[in-house]
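Reviewing the structure listed below.
The values are calculated or read from the model by the stated rules, or taken from the named source; none is laboratory data. All figures in this text were calculated on a predicted structure; none of them were measured in a lab. Note: ideal-geometry Cβ built from the backbone for every residue, glycine included; neighbour counts use all protein chains shown.
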Amino acid sequence: MNGRPIREKKGDGISPESLQGKVQTVCGLIPPAELGPTLMHEHMLCDLTPPGLFPADQPDTEVTLENVWEIRHHWIRHPGNHRLLQEDVALRELAAYREAGGRAIVEVTAKA
């Protein structure tokens with residue numbers, strides 16, 4: 001395998017039958033037993049701010065004990081609450097997940 005996902009194309013010799021009983025990962029096909037504990041719907045790094053919702057120069061809302069309820073229940077009203085951009089934080093969280101036994105993550109954020 002070259003590490004790229006296999007995509008079925010007409011005439012490439014890959015049949016749906018040859019994919020049965022396997023899981024497609026970014027590193028190639030693997031048996032389901034190798035998949036391990038999996039987080040099924042994650043956004044690792046993303047900006048899901050609805051276009052035009054806030055001016056580009058508006059500062060992010062800082063989350064505090066005083067405003068956390070408001071932010072959780074009215075999440076769309078708070079600039080910055082739609083963004084996960086800190087790579088160092090994501091890497092620490094991924095490392096903790098792996099240490100706890102996690103082995104796979106389904107990243108559902110579409111790349112822009």
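Before moving on, here are some points about what is shown:
- One residue alone among 71, 76 is closer than 20 Å to residue 110 by Cβ and either in a helix (DSSP H, G or I) or basic (Lys, Arg) (or both), and that residue is 76.
- Test: residue 62 is of a type in the set (Asp, Glu) and either within 13 Å of residue 104 (Cα to Cα) or modelled with pLDDT of 90 or more (or both): yes
- Enumeration of residues in region 24-40 that are of a type in the set (A, V, I, L, M), under 22 Å from residue 109 (Cβ atoms) and either in a helix (DSSP H, G or I) or modelled with pLDDT of 90 or more (or both): 39, 40
- Counting only residues that are surrounded by 13 or more Cβ atoms within 10 Å (Cβ to Cβ) and aliphatic (A, V, I, L, M), region 77-112 holds 5 of them.
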